[in-house]
Amino acid sequence: MTPKPVLDGKPTKVRTPEAGVIPPSRKWTFSLRCWRQADYFGLDTDRVVSAHWFVALLNRLRELCFEDVDAFRASGYKHEVLRYHEVNWGAPNIPIARRDCTWVPREYLENEVDYPFYQFQISTALGRVAGFWDEQQVFNIVMLDPLHNLQPAKDYNYRVEATGDLRCEYSELLHKLDTVCDETTCGASCATRARFLELRAGSHLVKAIVIPIDEEQRRDVLQLVNDGRSLREILETGLITLA
C-alpha cells in the first residue's frame, strides 16, 4: 500500500483526476538548463543586443507562457507567425552542427528522433531562440541567435557574423584573471604569479563573493585601500560591526 503524504504530521488526501474529466492543457514553459553561449551564438554584439533586445526576448517568452502547448504545436498559423519550425542543420553555410551542442545532455543530443531542435523568432529583426521539447513538454532553450546565424539568409549571400560571449560580473572577473596569468612576464619564482595560477585552477573560487556597489561606496573603499587598509580588513570590520 502506498503511504499517504504527510503535512505537519497529519496525513493528507491525495487528489486524483475524476473519471471523464479532461485535465487542463499544459501551458508553455521554458528551461534554461541547456542554454549556453557558443561561437556565432554569443550575446556580445553591439549591432543587435542591447537592453531593448533583452526586454523583447523576455516579452516574447512571456507571451508564449500563455499558450497551450498542444494547441500551439498543432497550429500551422501560429507556426508561420513565429517562424516556428525544426532547425535545418543542412542549411547553406550554417556555422554549427547539432553534434556541436555538447553542453546538452547526451540523452537528448543523441536522440534527434524524439528530441528535434526547433526555432522561433523573437521578432523579424531581433533573431531567434532555438531549443527542444523534453519528456515533460518543457521547451529547453539551447541557443539564442540574435544575428540569424542559425538560418543564414539567401538575400545576404548566406553570410554569418561572429559573436563573442557577453559576460556577467563574475565571469568577467575570471576572464581578467586569465588575461593577467597569460600576459604576465615575471618568472616562475614570482609568488604573485603562482598565487594567480592557483586561483585560476579553481581551488579557491568558491570563496569569492561578487556584489555590486554604487559609485560613492566605490570611492570610499578605494580611499580606505589607498590609506593602507586591505579589502579583507574592510570586510572583517563591517562583519564585526554588524554581528
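Tell me, what ³J(HN,Hα) does each residue in region 80-92 have, in order and in whole Hz, if you take phi through Karplus 6.51 cos²θ - 1.76 cosθ + 1.60 with θ = phi - 60° and put x for Gly and Pro?
So the J values, rounded to whole Hz, are 5, 4, 9, 6, 8, 6, 5, 5, 8, 5, x, 4, x.
Computed FRET efficiency, Cβ-Cβ of residue 56 and residue 191, R0 51 Å: what is it to the nearest 0.05?
Once the sixth-power term is evaluated, E becomes 0.55.
Mind ranking 146-154, 108-116 by how tightly packed they are, going by the mean number of other C-beta atoms within 10 angstrom, highest first?
Result, highest mean first: 146-154, 108-116.
Hey, got a sec? Which chymotrypsin sites (Phe, Trp or Tyr not before Pro) in region 122-165 land in a DSSP loop and have at most 14 other Cβ atoms within 10 Å?
158
Could you give the length gained on full extension between residue 89 and residue 29, defined as 0.36 nm per residue of separation minus the Cα-Cα distance, in nm?
Separation in residues times 0.36 nm, less the Cα-Cα distance, equals 19.1 nm.
Laboratory data are not the source of any read-out in this text; all were calculated from the coordinates shown. Bear in mind that the values here come from a model prediction, so they are computed numbers and not experimental data. Glycine gets a Cβ as well: all are built from the backbone with ideal geometry, and neighbour counts include every protein chain shown.
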